[in-house]
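Here the structure comes first, spelled out in structure tokens, and everything after it is commentary.
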Amino acid sequence: MEKIFTDPNIMLVVHVQNQLQAEDIVGELRNVYAGGASGSLAFTEVWPELWIDEKHIERAESLLKKLNSEPEFVWVCAGCTEENASSFDYCWHCGELAPSAT
């Protein structure tokens with residue numbers, strides 16, 4: 001097993017795990033509950049980590065590189081002209097439904 005990804009945000013680590021799992025690369029989460037030891041360890045030592053089998057490293061790194069290079073789609077709200085990330089189904093400012101969510 002080899003560490004492929006780490007971040008202080010557990011949701012981001014799980015998101016990466018899900019992206020890799022969609023490509024049939026199974027990952028193991030570690031340090032999920034290690035935050036309690038942060039006073040006696042370096043803060044980066046208690047971040048959640050994603051580990052995968054060594055035979056998948058090259059493919060996983062390629063997928064992560066692709067994920068990081070893809071620009072995020074932004075949609076403009078028809079109600080208030082606010083820009084919203086593609087992950088929003090509703091405008092964060094006024095609550096208008098995204099065009100793609102109809």
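The values are calculated or read from the model by the stated rules, or taken from the named source; none is laboratory data. Bear in mind that the values here come from a model prediction, so they are computed numbers and not experimental data. Neighbour counts are summed over all protein chains in view; Cβ atoms, including those assigned to glycine, are modelled from backbone coordinates with ideal geometry.
Per-structure values
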item: Residue in the stretch 15-30 that is surrounded by fewer than 12 Cβ atoms within 10 Å (Cβ to Cβ) and in contact with a Ser or Thr (Cβ under 8 Å, 6 or more places away or on another chain) present; result: no
item: Residue check for Trp47: of a type in the set (Phe, Trp, Tyr) and in the same structural domain as Val26 (by TED's automatic domain parsing); result: yes
item: Elements of type strands (runs of 3 or more DSSP E) contained in the stretch 1-89, each with 1 or more residues being under 15 Å from the mean Cα position of the chain (by Cα) and among the aromatic types (Phe, Trp, Tyr); result: 2-6, 49-52
item: Selection count, the stretch 42-60, where residues are exposed (fewer than 13 other Cβ atoms within 10 Å of the Cβ) and either at pLDDT below 70 or under 11 Å from Ile4 (Cβ atoms) (or both); result: 3
